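**Q** My questions will all concern the structure given below.
The values are calculated or read from the model by the stated rules, or taken from the named source; none is laboratory data. This is a predicted model, so every value here is computed, not measured. Don't worry about glycine lacking a Cβ; one is built from the backbone with ideal geometry, like all the others, and counts go over all protein chains shown. The area values use the complete protein model at the heavy-atom level, side chains included, leaving out ligands, DNA and RNA. Shrake-Rupley method; radii C 1.70, N 1.55, O 1.52, S 1.80 Å.
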Amino acid sequence: MPSSKPLMTQSSGSIPDSVESALRTLETESGGINALAVALRGPLGATFARAVELIRNAKGRVIVTGLGKSGHMARKIAATLASTGTPAFFVHTAEAAHGDLGMITTDDVIMALSWSGEQPEMKTLVNYSARFAIPMIAVTSNAASSLGQAADIVIELPKAREACPHNLAPTTSTMMQVAIGDAIAIALLEGRGFTALEFAHFHPGGKLGAMLKFVRDYMRTGAEIPLKPEGTKMSDAVVEMSAKGLGCVCIVNEAGEAVGIITDGDLRRHMRPDLLTATVDEIMTKQPKSVPPSMLASEMIEVLNASKITTLLVTEADKVVGIVHLHDLLRAGVA
């Protein structure tokens, strides 16, 4: 007969044991990150700056390597570097001895991750680095280790207790490794003035890619824009609103410049017996919000959220060239 023992136990308090465990894990890992920050404010800061400068001046790429959990962190660091403008890729430490050394050139920089610094599999890479004078940055907790002694620059991470109650499973240590990798990537990004537009080149897919497109990629144009000139009767404006299905109509002057907008909300606020015989000039909200077609979609979302509106006019040289609705952005996966 199956056991009826509950899957989740609770301590004498109101917090489940599993949550208590999670909190201990987060507190322990936070302690490791805090220790790393303290170290960077001290002597480690100068070493970190040298490592960033070495990578910045390299003619080639950053070869990030590691084994086991350090290998997983190394793969993530390589991906972050590459996506933020620093050419990088991951080489598995053990596979290096079986042909993958051919991926590494004398113009590259090797970043080797090993918490102990004593992994025997790392010896092949260390020897290769020395033989061809390829600079190596060691990320380890033991500067006196074999890896630390062989490296040109040693980023010595503070020793911190793992979140594992036995102090065995790599948890805090891997968190610190990936944190220092992120810190290097962002320092390089900021140092070279890497822009959001450059970021877009490496992220054409997914939500990030959608956010890094431009307003012109999402705006409706031409006959899809609900437009009426100044002086139009509200009855005609309501027909235009209904026909275009965007819940608004833009009012323009003779030059095609936006002078106002009427939304469903404006209709409710001005509901009266003679509403349909009034002119749009009496009802419209003047100086409507607008954005240029060259604005990033992510910035456009900020404008919509800050203004608490669902529609934005797109203007160029003050003339209406398009309109963007929140629903279109939702369908595209931007918002």
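**Q** Exactly one of (1) more than 30 Å from the chain's Cα centre (by Cα); (2) surrounded by 15 or more Cβ atoms within 10 Å (Cβ to Cβ); (3) modelled with pLDDT of 95 or more is unmet by Met122. Its number?
**A** Just one mismatch for Met122, condition (3).
**Q** Ile55 passes all but one of (1) of a type in the set (Val, Ile, Thr); (2) open to solvent by less than 60 Å² (accessible area, probe 1.4 Å); (3) closer than 30 Å to Asn167 by Cα; which number fails?
**A** Tallying (1) of a type in the set (Val, Ile, Thr); (2) open to solvent by less than 60 Å² (accessible area, probe 1.4 Å); (3) closer than 30 Å to Asn167 by Cα, Ile55 fails exactly one: (3).
**Q** Shifting gears a bit: Quick check on my filter: what residues within the range 239-259 are under 18 Å from Thr310 (Cα atoms) and either among the β-branched types (Val, Ile, Thr) or part of a strand (DSSP E or B) (or both)?
**A** Cys248, Val249, Cys250, Ile251, Ala258
**Q** Which one is farthest from the chain's Cα centre (by Cα), of the residues in the range 143-172 that are in a loop (DSSP other than H, G, I, E, B) and among the polar types (S, T, N, Q)? Don't jump to the end; show me each part of the working.
**A** First, pick out the residues of the range 143-172 that are in a loop (DSSP other than H, G, I, E, B): 143-145, 151-152, 157-171.
Of the ones still in play, those that are also among the polar types (S, T, N, Q) are 145, 167, 171.
Numbers: Ser145: 35, Asn167: 32, Thr171: 23 Å.
My answer is Ser145.
**Q** Name the single residue that is nearest to the chain's Cα centre (by Cα) among those in the range 15-41 being open to solvent by 30 Å² or more (accessible area, probe 1.4 Å) and more than 19 Å from Thr171 (Cα to Cα). Even if it seems obvious, please write down each step before you answer.
**A** First, pick out the residues of the range 15-41 that are open to solvent by 30 Å² or more (accessible area, probe 1.4 Å): 15, 17-28, 30-31, 33-35, 37-38, 40-41.
Those still in the list that are more than 19 Å from Thr171 (Cα to Cα) too: 15, 17, 38, 40-41.
Details: Ile15: 33, Asp17: 33, Val38: 25, Leu40: 24, Arg41: 26 Å.
Step by step, filter the range 15-41, then rank; the result is Leu40.
**Q** Shifting gears a bit: Scanning the range 264-293 for residues that are open to solvent by 70 Å² or more (accessible area, probe 1.4 Å) and in a loop (DSSP other than H, G, I, E, B), which turns out nearest to Asp328 (Cα to Cα)?
**A** Among residues in the range 264-293 that are open to solvent by 70 Å² or more (accessible area, probe 1.4 Å) and in a loop (DSSP other than H, G, I, E, B), the one nearest to Asp328 (Cα to Cα) is Lys289.
**Q** Can you tell me which residue among Leu312, Leu304 is assigned to a strand (DSSP E or B) and modelled with pLDDT under 90? Explain how you work it out, then say what you get.
**A** Details: Leu304 fails: assigned to a strand (DSSP E or B).
Result: Leu312 is the single residue among Leu312, Leu304 that is assigned to a strand (DSSP E or B) and modelled with pLDDT under 90.
**Q** Here's a follow-up. Scan the range 91-109 and report the pairs whose first residue is charged (D, E, K, R) and whose second residue is open to solvent by 10 Å² or more (accessible area, probe 1.4 Å), with Cβ atoms within less than 6 Å and a gap of 6+ or a chain change.
**A** Pairs found: Asp107/Lys59; Asp107/Gly60; Asp108/Gly60; Asp108/Arg61.
**Q** Residue check, Ala306 against (1) out of contact with any strand residue (DSSP E or B) (no Cβ under 6 Å at 6 or more places or on another chain); (2) open to solvent by less than 60 Å² (accessible area, probe 1.4 Å); (3) among the hydrophobic types (A, V, I, L, M, F, W, C), all met but one. Which one?
**A** The failed condition is (2).
**Q** Okay, next question. For the range 62-87, name all the residues that are open to solvent by less than 70 Å² (accessible area, probe 1.4 Å), in a loop (DSSP other than H, G, I, E, B) and not polar (S, T, N, Q). Step through it out loud before you land on a result.
**A** Our first condition is that a residue be open to solvent by less than 70 Å² (accessible area, probe 1.4 Å); within the range 62-87, this holds for 62-68, 70-71, 73-74, 77-86.
Okay, now just the ones that are also in a loop (DSSP other than H, G, I, E, B), so 67-68, 84-86.
Once the filter is applied, which keeps residues that are open to solvent by less than 70 Å² (accessible area, probe 1.4 Å), in a loop (DSSP other than H, G, I, E, B) and not polar (S, T, N, Q), the range 62-87 yields Leu67, Gly68, Gly85.
**Q** Could you please find all residues in the range 249-278 being under 10 Å from Leu227 (Cα atoms) and at pLDDT below 90?
**A** If the condition is that a residue be under 10 Å from Leu227 (Cα atoms) and at pLDDT below 90, then Gly256, Ala258 are the ones that fit.
**Q** How many residues does the range 220-245 hold that are open to solvent by 40 Å² or more (accessible area, probe 1.4 Å) and touching a Pro at 6+ places or on another chain (Cβ under 8 Å)?
**A** 2
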